[in-house]
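The values are calculated or read from the model by the stated rules, or taken from the named source; none is laboratory data. Just so you know, these numbers come straight off a predicted model, no measurement behind them. FYI the Cβ positions are ideal-geometry reconstructions off the backbone, even for glycines, and counts take in every protein chain you see. The protein model used for the area step is the full one, side chains on, heavy atoms only, and it has no ligands, DNA or RNA in it. Shrake-Rupley method; radii C 1.70, N 1.55, O 1.52, S 1.80 Å.
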Amino acid sequence: MQLARFEQYDHERLRIASDNSDINDSEEEGKIIPSLYMDRKWKVITNPDVTSYGQLTSQECGFITPQEEAGVDSKINSTYIDIDNKSNLLQKEIPESPIVWYPLKHQKTTLFTSLKKWRGVVLKTYKDCFLCRLVDQDGNSPDEEAEILLTKIFDEDLQLIDIGAVFYWSIGYRINPSGTRTKSSIIRFRRLPVWRSEELSEAQKKAEKTLIALGIT
Amino acid sequence: MLTPPLNEEVEISIFGPGYGECILVHIGFNDWIIIDSCISPSSKEPCAIEYLSGIGVPLDTGVKLVIATHWHDDHIRGIGKTVNSCSNATFVCSDGLLTKEFITFIKAYGARPGLTEGVNEFDIVLKSLETSHRTPKYASAEKALWKRNGPNGKPPCCITALSPADFAIHLAKIQLKEGDICLLLGSDLENSPDKRHGWAAIVDSNLRPEGIASVFKIPHHGSKNADLPEVWQKMLIKNPLAVMTPFSKGNVSLPTLEDVNRIKNQTSEGYITAPPRVKRVKKPKIVEQFVKGATKSIYQVNGFLGHIRFRADLKSKPIDWKTELFHSATSLNSLKV
């Protein structure tokens, strides 16, 4: 049995990623035609219902032998190609044997459940802390002002602390990939892209237009 | 609370959510002026819009003037929506805000939405003025911002900016000639060592409108550096109605006990929209633990919207003011600082 790995290339296309195959893709949804595999042309017809485009990010399939087919979960709607029988591949437009689509293993990520989230603006800086105004992002609590200790700020954010700098402070639970829930507080400063000369020129043009529209000369 | 004033009734409403202020003036006959803007903590709506809508004032025809005395965060929150809603009102601001350089700055930052509250507010104001083809007005010292000449039996009225417009308006004065009602509305204007600036320049001016005001919006949250005794002596009646809003920033909290006592010596009719510093609303335990570990200090800067309302009949002589306090508003006599 030879194995080939199939990946969803984007929403509409699949690609073959195998040690001994070239990568080919098709613009047609659910189809890969034609692909080069071991110097031979072959065709794979996949079933879009099986692949669940747009939901799954990658899948693996294997070419299994008829003997192995019995072990495959019959509920899996699949297509099979016996790539060892290459002449068969060339002759038959719709292969008889199924390609088995294994269920996707969802990538586990760290999740954060926020109990409180503020948008902060730095008002004044001191040696060991900075004064800021905190605006509740849920919109339920009144504004607050706080002196936040610099020791609670990530090293890479320290240089961003200046009057007017904006940051976000979230307090809540972090759920690790293992499922462990830990209390957490995260303060991150906003980073801004540098001004491009095109942006400034555009702003000047808009300002001139506004002044004319407002009757200000 | 939600009863509109009578046609021949003047009203001054001062809103203060603890941080920010907005003044609404009804100069009779359904003509309204809005000075500055703040947001209601509960509804997140501009206080002036919320109140006027609540009492059934048509915003498009009722509001004649929207004045931004100066572009400080505690005076402009919600002013974009206010200018937009009052679609026929004239917008007044300092001339410095309408230079090409400043508008370019607004347009540049406006293209990156969500950056700065003040920039976004001004961007909304500019877009609103452009859309409705309104030309804004500059304010400068002794400049009449709006006049009602008194046709159809309406008493004449003039609204005059008093302070130099080198940076901001700072102050607006409203004078109702018939019925002799004068209001002196100080924004954040402070004193200056140079007598050509600040309150001293206004007191000494020969060009300022005549009249002694019976209602005084105390400038700059009652701070000492905005209080000039000559203002009380020359521009106000004895024991005027005086009102102010609190302010908190860092270790500055206004008014101080000293400020309150000083003002109480000038008038027994002093009011404030909210106590200077209110008790902080506690959060869930976990949040409080992290807050305690990450901060040296934390306090609440606004809480509940305070509203002080003065109303008087335009024809009453002497003027008989009726004072109403809503929500967190209180008199200085009962204030515990």
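Going by the alpha-carbon gyration tensor, a ≥ b ≥ c the square roots of its eigenvalues, is the stretch A:111-189 rounded (a/c under 1.5) or, if a/c is not under 1.5, prolate (a/b greater than b/c) versus oblate? Because a/c hits 1.5 or more and a/b fails to exceed b/c, the stretch A:111-189 counts as oblate.
The figure for B:Lys282 is an accessible area of roughly 150 square angstrom, using a 1.4 Å probe on the protein chains alone. Summarising the strand pairing of the stretch B:80-165, around 60 percent of its internal DSSP beta bridges are antiparallel. Computed over protein heavy atoms with a 1.4 angstrom probe, the accessible surface ordering of B:Leu183, B:Leu228, largest first, is B:Leu228, B:Leu183.
One Cα centroid belongs to the stretch B:313-337, the other to the stretch A:183-217; the line between them spans 44 Å.
Ranking B:Glu230, B:Glu21 by solvent-accessible area of protein heavy atoms (1.4 Å probe, all protein chains present), from largest to smallest, gives B:Glu230, B:Glu21. Each of B:His133, B:His307, B:His197 has its accessible area taken with a 1.4 Å probe; listed largest first, they run B:His133, B:His197, B:His307. Using the Karplus relation 6.51 cos²θ - 1.76 cosθ + 1.60 with θ = phi - 60°, the per-residue 3J(HN,Hα) values for the stretch B:140-157 come to 8, 4, 6, 8, 6, 8, 7, 10, 10, 7, x, x, 6, x, 6, x, x, 8 Hz, with x marking Gly and Pro. Its DSSP H runs of at least 4 residues, each contributing -39,500 (n - 2.57), put the calculated 222 nm mean residue ellipticity of chain B at -6000 deg cm²/dmol, to the nearest 500.
The mean number of partner chain beta-carbon atoms within 10 angstrom of a residue's beta-carbon across peptide A:145-153 is 5.
Averaged over the residues of B:280-290, the number of partner chain Cβ atoms lying within 10 Å of the residue Cβ comes to 5. In this calculation the C-beta distance from B:Asn88 to B:Leu207 is compared with R0 = 35 Å, giving a FRET efficiency of 0.75. Under 5 Å between amide hydrogens, built in the peptide plane, is the criterion, and for B:Leu314 it picks out B:Glu9, B:Val10 among residues at least 5 positions away or on other chains. Inter-chain Cβ neighbour count for A:207-217, averaged per residue, equals 6 (cutoff 10 Å, partner chain atoms only).
Using the Cβ-Cβ distance between A:Trp195 and A:Thr151 with R0 set to 41 Å, the FRET efficiency works out to roughly 0.80. What percentages, rounded to whole numbers, describe P(r) for chain B computed over all alpha carbon pairs with 20 Å bin width beginning at zero? Percent of Cα pairs in each bin: 32, 59, 9, 0. Here chain B carries DSSP beta bridges of which approximately 70% are antiparallel, counting only pairs with both residues inside.
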